[in-house]
Amino acid sequence: MKKVHEMTLEEKVGQLFMAGFHGTEPSEEITKLIQDYHIGGVIYFTRNVKEVKQVYELSRSLQKIAKNAGELPLFISIDQEGGMVARITEGVTLSPGNMALGATGDKEAVYRLGKIVGKELRTLGVNMNFAPCVDVNNNPLNPVIGVRSYGEDPRIVAEFGVEAVKGLQEENVSAVSKHFPGHGDTNVDSHLDLPVIAHGLERLESLELIPFKETFDQDVDGVMVAHINFPAIEPENVPSTLSKRIVNGLLREKLGYDGVAMTDCMEMKAIIDYYGIEEASIMAVEAGIDIVLISHTFERQYRAMEAVRKAVESGRISTEQVDRSVERILKLKEKRKLGEETVSWAEAAVLVSKEENLEYARVVSEKSMTLVKNSGKCFPLTVDERVLLVTVDPQVATDVDETLATKITLGTYLKKRLPHVEEVVITVSPSEEEITKIVADAASFDKVIVATYQAVANQLQVKLVQNLVENIKDKVAVVAMRSPYDIGKFPEVSTYLVTYESRALALESASKVLLGELEASGKLPITLLDSKVKKL
């Protein structure tokens, strides 16, 4: 592997960038970025994934392009957090998400699933996972973190985050703690605008920074810096990603972190709308960022690299700053053995989606089911009852979710066992006419189950549940398929089950609870503040 002093300025600058691309094979654009712009890594999204063998072949092809061009081996990264944020969802072991894991209270499960996910990713040629998310979710209105967090207790988030780091990195997949210095207490999505957190350093040290410190002590390979302004530390209204006070000051000097620091995607509106890609990329490198992530647009990717190169040539960015970052990158690439040949597909095929791993994920999912309220009158459901199941069809809640297209619903599992289940699928924002009809029809059923999705942020879903409870009382049960906070909008509901996600595994686990085949043993990892919300 090349040493820093052997590299040209163009090669060094290329290593500071990670790029996304379109397609399930190497595109003309990503090939050019590797061969001509010397980029250090790529990131996969759902648009790059068709099935597991294709991902394996894509990874090999990209590394071969780099090798044949005399380039350094690539970081191949992905957001495979588990739960609602995962790019590969079929043919692998999909871990329950962080808040579901938090509900189990089982640190060992986090470690084991980290190892399973890490093993499968590395087998497919992916050597960096943008996980774990160690944000402390203490804001019910947070639109972008929510169930991606292990919970609201920073100590538990820290413990679980450390186990995830151990599991991933023991399988030679770089873990990346995110979103530094903490994205849990925002009510703005940084994909859409610049969030501001007004807390001072003392509060950050007592809460948000705790999980990051613990993962730093565990030698986490990377940290992703958030597009959030903390005016108490950075009074110039600059996002953390571009702030010398945050990256060089807080992260490097105060906390002593010397691993690879990277940005969140620089095409988010919190950055692109305020600075433009060229200036933002220069500021990020000036601040002490090692890897600038640009996920989508080829034009922005090469413009950003050209801008940084010119900034070095003009003296705005020092050569020493670039060399320090490249040293960290090369050190990590050597540590994770990125130049190693991958196993053959015949060998790889038996390592992904092993039945024993799928079964373990199933057991953990079942352990996460959380029964917040239970009147004892809604389940177990029985074969002779007429059950109306109203399912909210999940949709992407944030840009990071990408696509959730699936034909699997809670009804998929209940109908296998119960002959008299009628399922009505509605959008996340049902019409007034739909609400009126559902409430009228509900009177003729023995039980009504409403599977909500982010009802905490949707008044029409709330209205539907409120009207049902008003008309048929304790015959109504709610299954929250994402946010546990939904019940705060209809605290009168007598039966409330939380799954934390709408993935097939979670819905199957929920069906077992409703059928009386499984006791819900999960515990809420967050606090529901409404006094009416208590376990009955």
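Find the residue count for the range 51-87, including only residues that are under 17 Å from Ser174 (Cβ atoms) and of a type in the set (Ser, Thr, Tyr).
Number satisfying all stated conditions: 2.
Of the conditions (1) at pLDDT 95 or above; (2) polar (S, T, N, Q); (3) under 28 Å from the mean Cα position of the chain (by Cα), Thr495 fails just one. Which one is it?
So Thr495 meets the others, but not (3).
Here are the criteria: (1) surrounded by 14 or more Cβ atoms within 10 Å (Cβ to Cβ); (2) out of contact with any Leu (no Cβ under 6 Å at 6 or more places or on another chain). Tell me which single one Glu340 does not satisfy.
It is condition (1) that Glu340 fails.
Of the conditions (1) assigned to a helix (DSSP H, G or I); (2) at pLDDT 95 or above; (3) more than 24 Å from Gly376 (Cβ to Cβ), Leu468 satisfies every one except a single condition; which number is it?
Among (1) assigned to a helix (DSSP H, G or I); (2) at pLDDT 95 or above; (3) more than 24 Å from Gly376 (Cβ to Cβ), the lone unmet condition for Leu468 is (3).
Looking only at the range 288-306, count every residue that is crowded, with 21+ Cβ neighbours inside 10 Å, of a type outside the set (S, T, N, Q) and more than 18 Å from Gly222 (Cβ to Cβ) and tell me the total.
Qualifying residue count for the region: 2.
Looking at this structure, is Ile116 more than 16 Å from the chain's Cα centre (by Cα) and not basic (Lys, Arg)? Walk me through it before giving the result.
Numbers: more than 16 Å from the chain's Cα centre (by Cα): yes; not basic (Lys, Arg): yes.
Spelling it out, Ile116 is indeed more than 16 Å from the chain's Cα centre (by Cα) and not basic (Lys, Arg).
Within the range 210-227, is even one residue in a loop (DSSP other than H, G, I, E, B), within 26 Å of the chain's Cα centre (by Cα) and over 30 Å from Asn172 (Cβ atoms)? I'd like the intermediate steps shown before the answer.
Within the range 210-227, the subset in a loop (DSSP other than H, G, I, E, B) is 218-221, 226-227.
Of the ones still in play, those that are also within 26 Å of the chain's Cα centre (by Cα) are 218-221, 226-227.
With the extra rule that they be over 30 Å from Asn172 (Cβ atoms), the set shrinks to none.
Among the residues of the range 210-227, not one is in a loop (DSSP other than H, G, I, E, B), within 26 Å of the chain's Cα centre (by Cα) and over 30 Å from Asn172 (Cβ atoms), which makes the answer no.
Quickly run through the range 349-394 and pick out the residues that are of a type in the set (A, V, I, L, M, F, W, C), without any contact (Cβ under 8 Å) to a residue 60 or more places away in the chain and more than 14 Å from Gly516 (Cα to Cα).
The first filter runs over the range 349-394 and keeps only residues of a type in the set (A, V, I, L, M, F, W, C), leaving 349-352, 358, 361, 363-364, 369, 371-372, 378-379, 381, 383, 387-390, 392.
Of the ones still in play, those that are also without any contact (Cβ under 8 Å) to a residue 60 or more places away in the chain are 350, 363, 383.
Selection gives Val350, Val363.
Among the listed residues Ile272, Ile246, identify the single one that is in contact with a strand residue (DSSP E or B) (Cβ under 9 Å, 6 or more places away or on another chain) and of a type in the set (A, V, I, L, M). Talk me through it step by step, then tell me what you get.
Numbers: Ile272 fails: in contact with a strand residue (DSSP E or B) (Cβ under 9 Å, 6 or more places away or on another chain).
Answer to the selection: Ile246.
Is there a residue in the range 58-74 that is surrounded by fewer than 23 Cβ atoms within 10 Å (Cβ to Cβ) and on the phi > 0 side of the Ramachandran plot?
Looking for residues that are surrounded by fewer than 23 Cβ atoms within 10 Å (Cβ to Cβ) and on the phi > 0 side of the Ramachandran plot, one finds at least one in the range 58-74, hence yes.
Return yes when Val462 is in contact with a Phe, Trp or Tyr (Cβ under 9 Å, 6 or more places away or on another chain) and hydrophobic (A, V, I, L, M, F, W, C) and no when it is not. Give the derivation first.
On the way: in contact with a Phe, Trp or Tyr (Cβ under 9 Å, 6 or more places away or on another chain): yes; hydrophobic (A, V, I, L, M, F, W, C): yes.
Yes: the conditions hold for Val462.
Evaluate the following for Asp135: is it among the acidic types (Asp, Glu), touching a Ser or Thr at 6+ places or on another chain (Cβ under 8 Å) and touching a residue at least 12 places away in the same chain (Cβ under 8 Å)? Talk me through it step by step, then tell me what you get.
Working: among the acidic types (Asp, Glu): yes; touching a Ser or Thr at 6+ places or on another chain (Cβ under 8 Å): yes; touching a residue at least 12 places away in the same chain (Cβ under 8 Å): yes.
Answer is yes for this residue.
Quick check, is Tyr302 of a type in the set (Ser, Thr, Tyr), in contact with a helix residue (DSSP H, G or I) (Cβ under 9 Å, 6 or more places away or on another chain), closer than 30 Å to Ile271 by Cα and touching a residue at least 40 places away in the same chain (Cβ under 8 Å)? Walk me through it before giving the result.
Numbers: of a type in the set (Ser, Thr, Tyr): yes; in contact with a helix residue (DSSP H, G or I) (Cβ under 9 Å, 6 or more places away or on another chain): yes; closer than 30 Å to Ile271 by Cα: yes; touching a residue at least 40 places away in the same chain (Cβ under 8 Å): yes.
So Tyr302 fits the description; yes.
Please verify whether the range 131-150 includes one or more residues that are modelled with pLDDT under 95, in a helix (DSSP H, G or I), crowded, with 24+ Cβ neighbours inside 10 Å and not charged (D, E, K, R).
Yes: one or more hits.
Applying the selection to the range 488-518, what residues are more than 26 Å from Ala86 (Cα to Cα) and in a helix (DSSP H, G or I)?
Gly488, Lys489, Leu514
Every residue in the range 466-495 that is over 17 Å from Pro430 (Cα atoms) and among the charged types (D, E, K, R), please.
Once the filter is applied, which keeps residues that are over 17 Å from Pro430 (Cα atoms) and among the charged types (D, E, K, R), the range 466-495 yields Glu470, Lys473, Asp474, Lys475, Arg482, Glu492.
How many residues does the range 89-130 contain that are part of a loop (DSSP other than H, G, I, E, B), within 23 Å of Glu340 (Cα to Cα) and in contact with an Asp or Glu (Cβ under 9 Å, 6 or more places away or on another chain)? Outline the logic, then answer.
Start the filter on the range 89-130 by keeping residues that are part of a loop (DSSP other than H, G, I, E, B), which leaves 89-97, 105-106, 124-127, 130.
Restricting the remaining residues to those that are within 23 Å of Glu340 (Cα to Cα) gives 92, 124-127, 130.
Subsequent filtering for residues that are in contact with an Asp or Glu (Cβ under 9 Å, 6 or more places away or on another chain) retains 92, 125-126, 130.
Residues flagged as part of a loop (DSSP other than H, G, I, E, B), within 23 Å of Glu340 (Cα to Cα) and in contact with an Asp or Glu (Cβ under 9 Å, 6 or more places away or on another chain) within the range 89-130 amount to 4.
Based on what the data block shows, is Thr89 hydroxyl-bearing (Ser, Thr, Tyr), touching a residue at least 60 places away in the same chain (Cβ under 8 Å) and either outside the structural domain of Glu159 (by TED's automatic domain parsing) or out of contact with any helix residue (DSSP H, G or I) (no Cβ under 8 Å at 6 or more places or on another chain) (or both)?
Answer is yes for this residue.
Which residues, counting only those in the range 34-51, are more than 25 Å from Val147 (Cβ to Cβ) and surrounded by fewer than 23 Cβ atoms within 10 Å (Cβ to Cβ)? It would help to see each step written out before you state the result.
Of all residues in the range 34-51, those more than 25 Å from Val147 (Cβ to Cβ) come to 34-42, 50-51.
Across the range 34-51, the qualifying residues are Gln35, Asp36, Tyr37, Lys50, Glu51.
Looking at (1) without any contact (Cβ under 8 Å) to a residue 40 or more places away in the chain; (2) assigned by TED's automatic domain parsing to the domain that holds Glu423; (3) surrounded by fewer than 18 Cβ atoms within 10 Å (Cβ to Cβ); (4) not polar (S, T, N, Q), which is the only condition Ala480 fails?
Every listed condition holds for Ala480 apart from (3).
Quick check on the range 63-72. Is at least one of its residues part of a loop (DSSP other than H, G, I, E, B), more than 25 Å from Ser325 (Cα to Cα) and in contact (Cβ under 8 Å) with a residue 40 or more places away in the chain?
No, the conditions are met nowhere in the range 63-72.
For the range 317-375, give me each residue that is under 30 Å from Lys523 (Cβ atoms), of a type in the set (A, V, I, L, M) and in a helix (DSSP H, G or I).
Just the residues of the range 317-375 that are under 30 Å from Lys523 (Cβ atoms), to begin with: 353-375.
Okay, now just the ones that are also of a type in the set (A, V, I, L, M), so 358, 361, 363-364, 369, 371-372.
Once the filter is applied, which keeps residues that are under 30 Å from Lys523 (Cβ atoms), of a type in the set (A, V, I, L, M) and in a helix (DSSP H, G or I), the range 317-375 yields Leu358, Ala361, Val363, Val364.
Within the range 409-466, which residues are among the hydroxyl-bearing types (Ser, Thr, Tyr), free of Cβ contacts under 8 Å to residues at least 40 places away in the same chain and closer than 18 Å to Ala480 by Cβ? Don't jump to the end; show me each part of the working.
The first filter runs over the range 409-466 and keeps only residues among the hydroxyl-bearing types (Ser, Thr, Tyr), leaving 409, 412-413, 427, 429, 431, 436, 444, 452-453.
This time we only want the ones that are free of Cβ contacts under 8 Å to residues at least 40 places away in the same chain, so: 427, 429, 431, 436.
Across the range 409-466, the qualifying residues are Thr427, Ser429.
The values are calculated or read from the model by the stated rules, or taken from the named source; none is laboratory data. Computed from a prediction, not measured in an experiment: that's the story for all the values here. Note that we place each Cβ from the backbone using ideal geometry, even for glycine, and neighbour counts take in every protein chain shown.
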